[in-house]
1. I'd like to compare 15-21, 261-267: which one has the highest average count of other Cβ atoms within 10 Å, and what's the full order after that?
2. Any chance you could check the Cα centroid distance between segment 50-102 and segment 211-243 for me, in angstrom?
3. What order do you get for 231-241, 284-294, 65-75 when each peptide is scored by the mean count of other beta carbon atoms within 10 Å, highest first?
4. Net charge near L35, counting Lys/Arg +1 and Asp/Glu -1 over other residues with Cβ under 15 Å of its Cβ?
5. State the extension gain, in nm to one decimal, for the chain segment bounded by R275 and D101, taking 0.36 nm per residue of separation less the distance between their alpha-carbons.
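Values in this text are rule-based calculations from the coordinates and carry no lab data. Only a predicted model underlies this, so the values are computations on that prediction, with no experimental measurement involved. Cβ placement follows ideal geometry from the backbone for every residue including glycine, while neighbour counts extend to all protein chains displayed.
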Amino acid sequence: MSARQTTNTETRNGPLDRLARLRVSLAELGADALLVSHLPNVRYLCGFSGSAGLLLVAESKATLFTDSRYTFQAREEVVGAEVRIAKKGVLRALREALRRDRRRFRRLAYSASHVTVADKHSLEANGGGGIRWVQDGNLVEKLRAVKDARELATIRQAAILVSDVFCRTLRLIRPGVSELELAAEIEYGIKRGGGSGPSFETIVASGERSAWAHARPGSKLLSKSELVVLDQGAIIGGYCSDMTRTVCLGRASPRARDLYGAVLKAQQAAKQAIRPGVTAGDVDHAARASLKSSKLDRYFTHSTGHGLGLEVHEMPRLGKAEQTVLREGMVLTVEPGVYLEGFGGIRIEDDVVVTAQGSDDLTTAPRDLLEL
């Protein structure tokens, strides 16, 4: 089965362009082909969004192995790769292809993070030996880190959607409502607004539980004078957004106001540090230095942010000593926070794109402290 014909846009910005750039890196690695097993990477390179697929990218040809559940879907989605429908298992079909053409696939690049030991042994069994396995060095993830114009437009849509859903949810945040109810309303609003679903399980954490950086929403009812952390994300066209806001039910205490102001200042410092050529660690340092000036840095217990795209966590990571150099077109979250046991937590998170001048916000919801 052949892949469908492509448009000029797909050639310039889509799978064909991505495959071409990948082949350049593959040649530099000295590998004959790359085995792509991580489904977001498969989708990025050939457009296939099914739940079962292996992509083999060689110098002159790419082949997607999938099963009969995806015969029609693959025909519609796949660009730049031949589709082979496996009748006796996708892994077996790939192993037979490698065995038939073993002279072409002596050095096979792969990602140890995504190819299991069992799968690797299976590919080497029954005459499939003789392959020299080469670590791929995250070739596809590095390509994915810099978004093209179409990707940026889609992520912006997802960011605007989650911002709008949050703003509509504000009227529902009141004493007596449960964390689970609010999370359900947010996820319902994402689908009502055209998203395919949430980027992750929505976080709603109130009161002392707001100090749990990754709390799951529970049956707890919101109470007056509590901080409420809401971390939500939407998926549109396969691309994710990720935004956090912290609100206060009723009038915030002076301590809560001071903490909120310090976190917002730290986020602004991190955003101001973003520009092409700086390292991911530089951005993280800017946020921590700002919080340190308020003697709050020890309450900041996670990284400042991460890449965003087909997955909600991608390269690069904005963490201590991270040496990835930022490039124009990267999409990042910026999300400093402070978490005080017995009091509560505050996190403010936005999605930004790295521009030639610095950075541009994609999420649009208000960032100032909201007292509801």
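1. Working: 15-21: 18.0, 261-267: 21.4.
Going from most to least packed, we get 261-267, 15-21.
2. Centre-to-centre distance over Cα atoms comes out at 38 Å.
3. Values: 231-241: 25.1, 284-294: 19.8, 65-75: 16.5.
Peptide ranking by packing, descending: 231-241, 284-294, 65-75.
4. Numbers: positive: R23, K61, R84, R92, R95, R99, R102, R104, R106, R107, K120, R132; negative: D32, E59, E96, D101, D119, E124, D136, E141.
My count for the surroundings of L35 gives +4.
5. 58.0 nm
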